[in-house]
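The block underneath contains the structure these notes are about, expressed in structure tokens.
The values are calculated or read from the model by the stated rules, or taken from the named source; none is laboratory data. Every value quoted in this text rests on a predicted model; they were computed, and no experiment measured them. Cβ placement follows ideal geometry from the backbone for every residue including glycine, while neighbour counts extend to all protein chains displayed.
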């Protein structure tokens, strides 16, 4: 088994990039490496922020659609039984959209949810 110093010296020079960076004075990172690391971090942050915003927006849209459907159902049929509010609260946006379409021609709640 090689001593730690000998093992370190057998590694290719590119494996010691962290050590090289640590030896540099603050503000003196090589421009191309610093720019590449910064750009990679920026892109990763953008992707994470994009998807987080996307999912939050979708959740907010679904919640708003549920509220609007519930409001319209109450205006049309007055009292909503618990099974209706349970279905609406557990639904996704595409299902809510179909129920909105059914709402305008329905004679009763069952026809909305058929």
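For the reader, a short list of remarks on this structure follows.
- Filter pass, residue 99 being at pLDDT 95 or above and assigned to a helix (DSSP H, G or I): yes
- Annotation note: of 92, 62, the sole residue that is surrounded by 12 or more Cβ atoms within 10 Å (Cβ to Cβ), at pLDDT below 95 and in contact with a helix residue (DSSP H, G or I) (Cβ under 8 Å, 6 or more places away or on another chain) is 62.
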